[in-house]
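Please treat every number below as a calculation from the coordinates, not as lab data. Keep in mind that what you see is a predicted model, and the values were worked out from it rather than measured. Please note: Cβ atoms are built from the backbone with ideal geometry, for glycine as well, and neighbour counts cover all protein chains shown.
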Amino acid sequence: MELSILDSIVLSFAFSVSMFVVSASVGNGSSIKYSKGIAQSILMVFFQCLLLYVGVWVASLFSLGELQYDRTIAAGILILMAIKQFINIVKKQGVKDTIVVSNMKSIVFLAIATSMDVFVIGMGLGFLYNPSQLGLVLILTAILGFLVSIMGIFMGRQKRKIPSKLLLGAKAVLLIELAIKMFFE
């Protein structure tokens with residue numbers, strides 16, 4: 001199976017939503033300097049791309065080689081992640097309105113924590129795609145993720161209201177759409 005350009009864009013957007021929401025919360029929660037904001041954005045992009053690649057690579061080792069089973073596993077993982085996202089929205093869990101970042105250690109921890117769902121999604125994708133097929137997704141995620149992360153910090157510093165539940169809900173819908181497409185493709 002090949003990953004289409006549109007699917008690559010949708011995946012990159014879905015991955016970037018979390019970076020935007022977390023960055024806006026960091027900007028709102030502290031008087032973070034733009035130099036630390038840039039460092040945070042770079043680290044978030046780095047860990048998103050790294051954990052996506054590692055997730056795909058690990059899962060590709062366990063691919064069953066039977067397309068229908070691999071599709072079912074991949075679609076199931078994406079749907080489970082979307083359901084988890086919806087549950088977090090309903091339970092009012094997930095990203096807080098304000099996150100205080102005090103030092104570089106907390107920025108690294110936040111970047112890794114934000115990337116954990118991308119690792120699981122990568123595991124789902126790894127049943128259908130080789131790590132080499134994700135080049136466009138990684139490039140788009142790096143560019144879009146960096147831009148939206150910087151924009152999130154800027155908007156958070158201005159104390160603008162971010163519709164985080166709506167954005168995270170849109171991410172979940174995109175994951176379901178991709179899962180359905182993968183299952184029936």
Distance in nm between label sites at MET151 and ILE180, each 7 Å beyond Cα in the beta-carbon direction? 2.6
What is the spin-label model distance, in nm, from SER106 to ALA170 if the labels are put 7 Å beyond Cα along the C-beta direction? 2.9
Over the Cα atoms of the chain, each weighted equally, I'd like the Debye log10 I(q)/I(0) at q = 0.09, 0.16, 0.18 Å⁻¹, rounded to two decimals. -0.31, -0.91, -1.11
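Given a cut-off of 30 Å, name the pairs among LYS91/LYS161; LYS84/LYS159; LYS105/LYS181; LYS161/LYS181; LYS36/LYS171; LYS91/LYS159 whose C-alpha atoms lie farther apart than that in the structure shown.
In this structure, LYS105/LYS181; LYS161/LYS181 lie more than 30 Å apart at Cα.
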Simple spin-label estimate for GLU2/LYS84, 7 Å along Cα→Cβ, in nm, reads 3.1
How much length, in nm to one decimal, is gained on full extension between ALA113 and ARG160, taken as 0.36 nm per residue of separation minus their Cα-Cα distance? 14.5 nm
If you keep only loop residues by DSSP, which chymotrypsin sites (Phe, Trp or Tyr not before Pro) in the stretch 1-74 have at most 11 other Cβ atoms within 10 Å of their Cβ? PHE62
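At 0.36 nm per residue, and after removing the present C-alpha to C-alpha distance, how many nm does the segment from LEU136 to PHE62 gain when stretched out fully?
Numbers: separation 74, 0.36 × 74 = 26.64 nm, distance 2.31 nm.
Gain in length upon complete extension: 24.3 nm.
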